[in-house]
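Single-structure report; data block below.
The values are calculated or read from the model by the stated rules, or taken from the named source; none is laboratory data. It should be emphasised that the depicted structure is a prediction, and the values quoted were computed from it without experimental measurement. Here the Cβ is made from the backbone with ideal geometry for all residues, glycine too, and neighbour counts use every protein chain on show.
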Protein chains: 2
Amino acid sequence: MPQNTSTYHQQFRKHLERVVLIDDEAFEEIIQCFSIKEISKKDYLLRPFQVCRYESYIIKGLFQTTMIDDEGRQHTLHFPHEDWWVGDFKSFRKEQESNMEIFAVEDALLLQISKSAMYQLFDISPAFERFFRIMAENAAMALQDRLLKNYSHNAESKLLEFQKKYPSLKNRLSQKQIASYLGVTPEYFSQMVKKK
Amino acid sequence: MPQNTSTYHQQFRKHLERVVLIDDEAFEEIIQCFSIKEISKKDYLLRPFQVCRYESYIIKGLFQTTMIDDEGRQHTLHFPHEDWWVGDFKSFRKEQESNMEIFAVEDALLLQISKSAMYQLFDISPAFERFFRIMAENAAMALQDRLLKNYSHNAESKLLEFQKKYPSLKNRLSQKQIASYLGVTPEYFSQMVKKK
DNA sequence: AAAAACGCTTAAGGTAGTTTAATTTTTTAC
DNA sequence: GTAAAAAATTAAACTACCTTAAGCGTTTTT
């Protein structure tokens, strides 16, 4: 149960200020548009074929964002966690059914904003829009890196890369979950770690 | 040789206005920050280890953006063409050496903007910054789709997808180039099209 | 016009990762 | 604390795609 809201607000403000300058007044305008949401381990933040109505800043917790393909295999896009964002951006922006599902791997606490509130904020606060421009650029750069690494690296070096990039996630996820992020079967993953 | 500059300006303005509203005055401010550049077939827009100093709007032409991995294999990120943008965004924004190379597949004509000019424009024109927020979001969505398709589809269905998405590129690229985009060898590509 | 470079094809042998299925170990739920 | 469910392991057969290598046609360079 959230006890001290202002602590979360401070954390969120720091997150924004790592990217853009925000004065007290502007932050007040921004934070008013967000609402807090708790979500328990194993609960869904977004089910397949739902429209994603919120972008959510993660105060605490861990999620898994997956896509189920035509053969029923599950592929993991990523594991959003503390001090980052979670949502299906395509579904959010186009207001169309999502082909992704998002669920909580650990109990989580979120700050959520709706699309209409976000677009209103963009109109009154250029700093807020700049923040999301830079976030989108960062997301595109990270995805490009990952795509190219998928072309050029085998499963073993992708695993090393993952462990190096997200050392804290190692103990919070099962082998099966990491395998699904790397794009290999749990059986092959098991063989791979044994061999090492 | 560019003969009628205003035609290109009109094309570029239409491109911007598909996303944001721009009045005459704002467009004048924007277009002043761009310079025109010609580049011939086979010439490099960006060589490996260079810093990418410009983002370029493509008036006409076709490029290939590739990455050379540690084993010397070439992987194609994409084929930027008319009415789109070309550059290595990561190198551009961080002003660091690029691990990509970009060269013209066909003679091309560009409108180029430097980083300092772009950042100045962001400060004086929120519409221009909004345009790039939306561009970055689109890029991230497209890369996410492509990444997930790489996990779930084999080479044959990735080829069908490519042909469906870029029907006009089929005749402008060699099999070898398309193979490098799909992430397979030219030899396997050849077998694949024969089998079909 | 000749030489060189490049792109496409074909084929044989090889490998990274999959599939299936059975067994064991760990985690979850009441 | 125990039953049930899920995760991890192991192994054998299989497949999508790679590597190498050689030959041929076309384009580019000189």
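I'm checking my understanding of the structure. Among residues of the range A:173-196 that are modelled with pLDDT of 95 or more and charged (D, E, K, R), which one is surrounded by the fewest Cβ atoms within 10 Å (Cβ to Cβ)?
A:GLU187
Would you pick out the residues in the range B:81-117 that are away from chain A (no Cβ under 13 Å) and assigned to a loop (DSSP other than H, G, I, E, B)?
Residues satisfying the conditions are B:GLU82, B:ASP83, B:TRP84, B:GLU95.
When you look at A:LYS41, is it closer than 21 Å to A:MET100 by Cβ and in a loop (DSSP other than H, G, I, E, B), yes or no? Break it down stepwise before answering.
Details: closer than 21 Å to A:MET100 by Cβ: yes; in a loop (DSSP other than H, G, I, E, B): yes.
When the stated conditions are applied, A:LYS41 passes them.
For the range A:6-23, give me the residue count where each residue is in a helix (DSSP H, G or I), modelled with pLDDT under 95 and exposed (fewer than 11 other Cβ atoms within 10 Å of the Cβ).
Going through the range A:6-23 one residue at a time, the tally reaches 1.
Please state which one of B:SER40, B:SER35 is closer than 19 Å to B:LEU121 by Cβ, away from DNA strand C (no atom under 15 Å from the Cβ) and touching a residue at least 40 places away in the same chain (Cβ under 8 Å). Show your work before the answer.
Values: B:SER40 fails: closer than 19 Å to B:LEU121 by Cβ.
When all the criteria are applied, what remains is B:SER35.
Mind listing just one residue for me: the one in the range A:118-152 that is closer than 22 Å to B:ARG93 by Cβ and among the acidic types (Asp, Glu) and, of those, farthest from the other protein chains (Cβ to nearest Cβ)?
Here the residue is A:ASP145.
Within the range B:130-147, is there a residue that is in contact with a strand residue (DSSP E or B) (Cβ under 8 Å, 6 or more places away or on another chain) and within 25 Å of A:LEU182 (Cα to Cα)?
For the range B:130-147, residues in contact with a strand residue (DSSP E or B) (Cβ under 8 Å, 6 or more places away or on another chain) and within 25 Å of A:LEU182 (Cα to Cα): present.
Outside any helix (DSSP H, G or I), within 13 Å of another protein chain (Cβ to nearest Cβ), closer than 18 Å to B:CYS52 by Cβ and hydrophobic (A, V, I, L, M, F, W, C): is that true of B:LEU77 in this structure?
yes
Suppose we filter the range A:33-49 for residues that are over 12 Å from A:LEU62 (Cα atoms) and aliphatic (A, V, I, L, M); how many remain?
2
Based on this model, can you work out whether B:LEU143 counts as touching a residue at least 60 places away in the same chain (Cβ under 8 Å) and under 15 Å from the mean Cα position of the chain (by Cα)? Steps first, please.
Details: touching a residue at least 60 places away in the same chain (Cβ under 8 Å): no; under 15 Å from the mean Cα position of the chain (by Cα): yes.
No; evaluated as a whole, the condition is false for this residue.
When the residues of the range A:156-172 are filtered to those that are crowded, with 16+ Cβ neighbours inside 10 Å and of a type outside the set (Lys, Arg), which remaining residue is farthest from the other protein chains (Cβ to nearest Cβ)?
In this case the residue turns out to be A:LEU169.
Among the residues of the range A:49-64, which ones are away from DNA strand D (no atom under 16 Å from the Cβ), within 24 Å of A:ARG172 (Cβ to Cβ) and either at pLDDT below 95 or in a strand (DSSP E or B) (or both)?
A:TYR54, A:GLU55, A:SER56, A:TYR57, A:ILE58, A:ILE59, A:LYS60, A:GLY61
So how many residues does the range A:146-196 have that are within 13 Å of DNA strand C (Cβ to nearest atom) and either touching a residue at least 40 places away in the same chain (Cβ under 8 Å) or not polar (S, T, N, Q) (or both)?
The qualifying residues number 29.
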